[in-house]
Amino acid sequence: MAKVATSMPDNSEITVRYFAKYREWLGVTGEQYAVVVGLQELRELIRARHPAASRMLDDLRCIVAVNQVVVQTDEVSLSAGDEVAFYPPVTGG
């Protein structure tokens, strides 16, 4: 079972949320990071904190949303109070 984030969101930090199998792989539902310049830097911090994150971060089908808007590139600037979410690919039928 995944752990719940241990701190309440802080507007001086970035909130990161993980969903479905990514949550299971990392063992957390979400966490806070100090403000970083961009999405690529955040990915590097996540990889350093979670050895299992490589599976998620290297998955080309991984869906990333910043403030509930799906982004297609890591060339995204982040600011205090932003939320970044990582979703696995979705299938339907």
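The values are calculated or read from the model by the stated rules, or taken from the named source; none is laboratory data. Predicted model, so just to flag it, every value in this text is computed and none were measured. Positions of Cβ are backbone-derived with ideal geometry, glycine not excepted, and every protein chain shown enters the neighbour counts. Accessible surface is based on the protein model in full, side chains and every heavy atom, while ligands, DNA and RNA are left aside. Shrake-Rupley method; radii C 1.70, N 1.55, O 1.52, S 1.80 Å.
Selection of first residues in segment 29-43 that are under 14 Å from Val76 (Cβ atoms) and of second residues that are among the small types (Gly, Ala, Ser) and assigned to a strand (DSSP E or B), restricted to Cβ pairs under 6 Å at least 6 apart or on distinct chains, gives the following pairs, ordered by first then second residue: Gly38/Ser77. The set of residues from segment 46-66 being touching a strand residue (DSSP E or B) at 6+ places or on another chain (Cβ under 6 Å) and open to solvent by 30 Å² or more (accessible area, probe 1.4 Å) comprises just one member, Ile63. Applying the set (1) more than 18 Å from Ile14 (Cα to Cα); (2) open to solvent by 70 Å² or more (accessible area, probe 1.4 Å); (3) among the aliphatic types (A, V, I, L, M) to Val70 leaves exactly one unmet item: (1).
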